[in-house]
Every structure is written in structure tokens, then in C-alpha cells.
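A.B. asks: Just passing along the structure, written as C-alpha cells.
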């Protein structure tokens with residue numbers, strides 16, 4: 001049954017769509033059901049899915065994808081400033097500009113492979129980051145970051161007389177609008193911004209699924225395994241790797257645009273190498289080369305960043321309150337360095353454990369657990385049928 | 001008619017003259033063996049055919065067209081497939097996918113932006129691949145990973161990949177290297193079978209005399225970078241020049 005589930009694309013899409021749309025309900029009990037975090041889950045999910053098309057399929061490890069994230073953000077901001085607050089033109093421009101950037105950077109970086117490729121992409125990304133701070137200040141507004149202003153042109157929008165800054169919308173539907181439902185003693189927040197990101201995420205997930213199943217995707221996997229054989233089999237690998245690089249660059253650009261759609265402010269720190277490293281972590285943590293892994297990895301890292309970082313000693317004392325005071329103090333002492341400001345430690349620990357024991361990421365963990373349950377089920381069934389355990393073995 | 005012609009090819013690596021004015025012509029439809037002691041330049045010569053190495057002087061003509069300066073994938077697209085000394089396959093993929101990739105390369109060319117096709121629905125490619133895998137005698141489950149196969153089976157798979165492209169010329173670089181006698185004989189039988197069913201010109205680089213004399217129509221003997229003799233197998237055996245070239249090594253065989 002599970003094997004069928006794994007290979008049935010329609011079921012995968014259906015399951016994925018339901019999980020994403022029900023996100024605000026499913027995540028509310030975990031304290032992650034607020035719009036800001038939900039949007040980040042969806043946006044970084046897109047970023048990681050795209051990165052996985054390059055890294056997971058071809059094995060080319062880019063350390064500079066944050067550059068495309070930043071480029072996407074700036075392009076979208078300029079659409080908001082010059083044209084309209086509608087998000088559609090912003091997304092279109094960010095896709096075009098990030099595609100152009102990734103063609104240039106990809107073309108030059110893909111002349112090398114392995115560590116040299118990684119270093120080249122890192123260099124290009126850091127160059128973009130520094131240029132955004134220095135030479136391109138008129139475009140990027142340097143350290144302050146690119147923001148909306150009242151006197152911006154916005155030639156397609158009606159004249160703003162309210163005196164307050166406009167906010168991004170989808171054909172008049174404000175993305176910041178949230179419907180709050182109180183039920184079962186919890187607050188469920190349904191935010192338009194999240195649902196817009198969710199729809200883009202589902203579309204981009206579907207595209208990634210089709211690429212995985214296509215002859216193009218098969219060639220990308222072959223590049224990862226044995227590029228030499230592929231060349232001698234009559235395949236020119238360069239356009240394939242460049243294609244994968246540009247596709248993943250466009251995913252990153254789109255994610256960058258969505259970041260400013262939900263929070264209209266674009267800063268250069270978005271392009272820094274730490275941001276590039278983050279998407280690598282997300283993909284590996286979730287499971288590189290798997291379909292759903294990057295989304296799970298992105299969720300796990302953003303959850304850690306936003307939830308673990310908010311746990312302080314008082315909250316911890318609450319958790320351990322059921323114990324006698326001396327023991328609970330001891331536990332608080334042990335755990336506290338890993339939460340709050342030290343959440344990176346926790347993340348590092350989880351990452352280390354996953355990479356060591358589950359090289360296939362969290363997805364491998366899930367597969368192992370389901371496989372274990374299935375085999376347990378089979379065993380108990382055959383025991384019932386034959387009345388002895390020997391027959392089962 | 002000669003399908004492959006090598007004219008005055010020389011190649012030097014630093015102080016080593018690897019190939020020295022090599023002339024060779026391979027008749028269409030024949031099995032042509034290139035033999036020679038270690039370091040005679042056999043592999044260097046083969047690498048000049050497939051675009052891996054560029055000869056310093058001379059030309060390599062395939063069906064009358066020069067192969068010099070062409071990239072490996074371009075040469076393959078012209079109809080030249082090669083088998084490596086150690087089987088080179090896609091170990092992360094399934095056995096069937098390995099052959100399907102070769103069949104895709106034949107049908108769609110060196111690059112095709114087929115982003116939204118479905119590998120599953122390519123029944124024609126799949127059927128070709130399955131038939132050829134059956135032809136080469138691979139009885140394993142075709143959806144299994146190619147990584148766990150025996151060396152002999154990997155060789156069969158690599159041959160299946162080449163055959164699925166229906167090449168005009170098949171280059172075999174020591175196809176039985178490192179194999180036990182039984183596997184070697186199985187490979188000879190397989191190559192004979194392939195020759196019976198597919199009309200493909202073959203060039204075999206080989207060390208093992210047993211293989212060469214069971215398969216070849218014509219043999220070129222390479223020693224110290226030059227072809228010293230080119231003749232039919234029965235005339236090669238007694239040739240004093242060949243004996244001289246192999247002296248000291250023939251006993252080891």
C-alpha cells in the first residue's frame with residue numbers, strides 16, 4: 001500500500017495540497033500557527049525545492065543561491081515602487097531578472113565542478129552582496145534597505161490620499177488580511193498572504209515533481225552519478241546543468257519576491273553567504289534528492305529559528321515544573337544553552353545527528369519508521385495465518 | 001570500405017612518444033583487434049578516436065569525416081559508442097534507466113529540454129531497452145539498482161547501453177580485463193552473438209590473446225607507438241616481429 005502511495009503522483013499532490021492548506025490548523029497546537037511564520041515555511045519551502053533541483057538531482061552544490069533570493073526581492077520591490085502594489089507584476093519581474101542573473105552566474109560557475117564550482121558560486125554571491133552595499137546603492141538603497149515610500153510613482157495605482165503606506169495586494173485583496181477563528185481553546189489564523197504563498201508553493205512543488213519524473217530529470221540524476229559515461233553516451237551535459245541551475249535560480253528569485261510581498265522591505269543581508277548556507281542545510285536536513293524533503297527541512301529550520309529562540313529560562317521552568325525544584329533546576333541548566341539565544345546549538349546538534357545517522361535526511365527517517373511499522377504488521381499477520389513465527393522468517 | 005581511418009597519427013606526452021606515425025584502417029562490418037604489449041599506446045590510440053585526446057599530428061577519419069577537435073558527445077552522436085575498461089554505468093539508477101538514457105540520447109540528441117515529458121510514458125524507449133537487456137542476457141530484475149551487479153553483468157549492461165544506440169562503430173577497451181576465464185568465455189560468446197544479430201563494426205583493444213584470436217577478422221599489432229604488423233589472425237600467430245614485441249611477456253600470458 002505504501003509503495004503505491006509513493007509512486008502515485010496524484011496522491012502525492014493531493015496529500016501535499018491538503019497538508020499545506022491545513023497548515024494554519026495543523027501547526028497551531030505547536031505554537032507555529034501565526035501568519036508570519038507560516039509564510040516563511042511556504043517561502044523557504046519554495047527556495048529549498050528549487051535548490052534541490054540543482055543540488056539534489058545533479059549533485060552540484062551551490063553556495064550562492066541567496067544572491068538570487070536578494071535579486072528577486074529587489075526586483076519585486078521596484079515593481080511595487082514604480083508600477084503597482086499588485087503582486088503579480090512583481091513576481092513576473094523577479095522571475096525574469098533572477099533567470100538572467102542565474103544564466104550569467106551559472107554559465108561561468110559551471111565551467112568547473114565539485115568544490116571549485118561551490119567556491120565560484122560563493123564568490124559571485126558575495127560579490128553581489130557587496131555590490132548591493134556599495135556601487136548599487138541607488139538601486140538597493142544600501143544599508144537601509146529598499147522600502148516603500150509615499151512619494152513612489154506607482155503609475156498603475158490610484159493616487160494614495162490616505163497618508164499611510166500601501167500594502168501588497170492581489171487584485172485588491174490585501175495580503176495582510178487575516179481571519180481569526182477561535183475554537184477548541186486555540187486561535188486559528190487564516191491569512192491571505194500565507195494562502196497566496198501556499199498556492200505558489202503547490203504550483204512550484206508540482207513543477208518540481210514533473211521535472212523529477214521527466215527525461216530531463218533523469219539526465220540530471222545521471223549527471224550526478226557518472227558525468228563521464230553520460231558524455232560518452234552522446235549527451236552534452238553542460239546545457240542540462242545550466243538548465244537546472246537557472247530553474248533553481250528562478251525558484252530562489254520567486255521566493256525572494258514572495259518575501260517582499262508579505263513584508264515589503266528588501267535588505268542586502270538577505271544575499272549574505274549565511275543565507276546561502278541556510279538553504280543547503282534545509283535541503284540536506286530534509287533529504288537531498290527527495291521530493292518532499294526540502295520542504296520539511298525548510299520547515300524544521302524555520303521552526304527552530306522562530307520557536308526555540310523564544311524559549312527562555314522562565315518558559316523552561318514551566319516545562320519542568322512537575323519535577324522537584326532541585327531536579328528541575330538541573331534540567332533547566334542543561335537545556336537552557338540550547339534554546340533562546342543558543343538555538344543555533346540545538347539546530348547544529350540536530351543537523352549533526354541527522355547527517356550521521358540518517359544520510360538521507362528526515363525523509364529517510366520517516367521511510368525507515370514506516371518500513372518498520374509495515375514489516376511489523378506483515379509479521380503479525382503471517383504469525384496469525386500460520387500460527388508460528390518460523391514461517392514468517 | 002573503411003569506416004575508420006587513422007592516418008599518420010602521433011602523440012607525445014612530455015618525453016614519451018606514445019604514438020608514432022600510426023596508420024590503420026578498419027573495414028566496415030569487420031571485427032578489428034588492436035593488440036600490443038603494455039605501454040604500446042593502445043589506450044592512447046583509442047582515446048584519440050573518441051575525442052578524449054587530440055593527436056599532435058595526423059587525422060582520424062570516421063566515414064570520411066575528421067573526428068579531430070570533436071567532443072566525446074558529438075562523436076557518439078555520429079554513431080561511435082565505446083565500452084570502458086572498467087564498466088562505466090550509472091550506479092545510482094536502475095538497470096532499465098541506464099539503458100533508457102542511452103536510448104534517449106539516440107532519439108533526442110545531445111540535448112533536449114524535455115521538462116514535462118514523463119519517463120514512465122515513454123513506452124517505445126522502454127520496450128527497446130527491455131528487448132536489448134534481454135538480448136545481452138541480463139536476467140536480473142530491471143527495476144533494481146545497477147550498483148549491486150557483478151562485474152560481468154555490469155559489462156553486459158554497458159554493452160546493452162551501447163547497442164540501444166544502434167552504433168555504426170563500437171569501440172571495446174579491454175572488454176575482458178580483470179575477468180575470470182569463465183566470464184571471459186561468456187563475454188566472447190556474447191560478442192559473437194551480438195555480431196551475428198547486429199551488423200556493427202567493432203574495434204577491440206585487447207591484451208588477452210585468447211579473446212583476440214576467437215573474435216577478430218583482422219589484427220593490428222602495436223608496439224612502442226607504431227603498428228608493426230597488420231594481418232589476419234592466422235598469419236599473426238607465427239609472425240616473428242610479433243613474437244619479438246611480446247618477448248618476455250608472452251610467457252606471462
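The values are calculated or read from the model by the stated rules, or taken from the named source; none is laboratory data. These figures come from a predicted structure and were not determined experimentally. Virtual Cβ from ideal backbone geometry, glycine too; neighbours counted across all protein chains shown.
A.B. asks: When both residues are 6+ apart or on different chains and their Cβ atoms are under 6 Å apart, which pairs have a first residue that lies in the range B:10-36 and is without any contact (Cβ under 8 Å) to a residue 40 or more places away in the chain, and a second that is part of a strand (DSSP E or B)?
C.D. replies: Pairs that qualify, where the first residue is without any contact (Cβ under 8 Å) to a residue 40 or more places away in the chain and the partner is part of a strand (DSSP E or B), are B:25/B:2; B:25/B:5.
A.B. asks: Report yes if residue A:343 is assigned to a helix (DSSP H, G or I), within 27 Å of residue A:41 (Cβ to Cβ) and at pLDDT 80 or above, otherwise no.
C.D. replies: Judged against the criteria, residue A:343 is a match.
A.B. asks: Within the range B:42-54, is even one residue surrounded by fewer than 17 Cβ atoms within 10 Å (Cβ to Cβ) and within 17 Å of residue B:7 (Cα to Cα)?
C.D. replies: Among the residues of the range B:42-54, at least one is surrounded by fewer than 17 Cβ atoms within 10 Å (Cβ to Cβ) and within 17 Å of residue B:7 (Cα to Cα), which makes the answer yes.
A.B. asks: Among the residues that make up the range B:23-36, is at least one of them within 11 Å of chain A (Cβ to nearest Cβ), modelled with pLDDT under 90 and not in a strand (DSSP E or B)?
C.D. replies: no
A.B. asks: Sticking with this one: Might you check whether a residue that is closer than 11 Å to residue A:46 by Cβ and touching a helix residue (DSSP H, G or I) at 6+ places or on another chain (Cβ under 7 Å) occurs anywhere in the range A:263-281?
C.D. replies: yes
A.B. asks: For the range B:178-190, enumerate the residues that are buried (at least 18 other Cβ atoms within 10 Å of the Cβ) and either in contact (Cβ under 8 Å) with a residue 40 or more places away in the chain or assigned to a loop (DSSP other than H, G, I, E, B) (or both).
C.D. replies: Once the filter is applied, which keeps residues that are buried (at least 18 other Cβ atoms within 10 Å of the Cβ) and either in contact (Cβ under 8 Å) with a residue 40 or more places away in the chain or assigned to a loop (DSSP other than H, G, I, E, B) (or both), the range B:178-190 yields B:179, B:190.
Conditions tested, residue by residue: (1) crowded, with 17+ Cβ neighbours inside 10 Å; (2) assigned by TED's automatic domain parsing to the domain that holds residue A:62; (3) out of contact with any strand residue (DSSP E or B) (no Cβ under 9 Å at 6 or more places or on another chain).
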{"site": "A:289", "(1), (2), (3)": "yes, yes, yes"}
{"site": "A:292", "(1), (2), (3)": "yes, yes, yes"}
{"site": "A:306", "(1), (2), (3)": "yes, no, yes"}
{"site": "A:318", "(1), (2), (3)": "no, no, yes"}
{"site": "A:321", "(1), (2), (3)": "no, no, yes"}
{"site": "A:331", "(1), (2), (3)": "no, no, yes"}
{"site": "A:337", "(1), (2), (3)": "no, no, yes"}
{"site": "A:343", "(1), (2), (3)": "yes, no, yes"}
{"site": "A:352", "(1), (2), (3)": "no, no, yes"}
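A.B. asks: Any idea which residue in the range B:59-83 is nearest to residue A:360 (Cα to Cα), counting only those that are surrounded by 19 or more Cβ atoms within 10 Å (Cβ to Cβ) and touching a residue at least 60 places away in the same chain (Cβ under 8 Å)?
C.D. replies: Across the range B:59-83, the extreme among qualifying residues is B:83.
A.B. asks: Can you spot a residue in the range A:193-212 that is at the interface with another protein chain (Cβ under 7 Å from one of its Cβ atoms) and touching a residue at least 24 places away in the same chain (Cβ under 8 Å)?
C.D. replies: Yes, that holds for at least one residue.
A.B. asks: Given A:69, A:57, which one is surrounded by 24 or more Cβ atoms within 10 Å (Cβ to Cβ) and over 20 Å from residue A:271 (Cβ atoms)?
C.D. replies: Result of the check over A:69, A:57: A:57.
A.B. asks: Touching a residue at least 60 places away in the same chain (Cβ under 8 Å) and surrounded by fewer than 22 Cβ atoms within 10 Å (Cβ to Cβ), is that true of residue B:122?
C.D. replies: no
A.B. asks: Here are some residues: A:190, A:124. Which one is touching a residue at least 60 places away in the same chain (Cβ under 8 Å), closer than 30 Å to residue A:24 by Cβ and either crowded, with 18+ Cβ neighbours inside 10 Å or within 14 Å of another protein chain (Cβ to nearest Cβ) (or both)?
C.D. replies: Going through A:190, A:124 in turn, just one is touching a residue at least 60 places away in the same chain (Cβ under 8 Å), closer than 30 Å to residue A:24 by Cβ and either crowded, with 18+ Cβ neighbours inside 10 Å or within 14 Å of another protein chain (Cβ to nearest Cβ) (or both): A:190.
A.B. asks: Could you tell me whether any residue of the range A:155-165 is under 24 Å from residue A:40 (Cα atoms) and under 31 Å from the mean Cα position of the chain (by Cα)?
C.D. replies: yes
A.B. asks: Can you pull out the helices (runs of 4 or more DSSP H) entirely within the range B:61-140 that have at least 3 residues that are away from chain A (no Cβ under 12 Å) and either closer than 27 Å to residue B:203 by Cβ or modelled with pLDDT of 90 or more (or both)?
C.D. replies: Correct list: B:123-135.
For every residue, the table says whether it meets (1) without any contact (Cβ under 8 Å) to a residue 12 or more places away in the chain; (2) within 14 Å of chain B (Cβ to nearest Cβ); (3) assigned to a helix (DSSP H, G or I).
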site	(1), (2), (3)
A:223	no, yes, yes
A:231	yes, yes, yes
A:234	yes, yes, no
A:238	no, yes, yes
A:244	no, yes, yes
A:247	no, yes, yes
A:257	no, no, yes
A:288	no, yes, no
A:294	no, no, yes
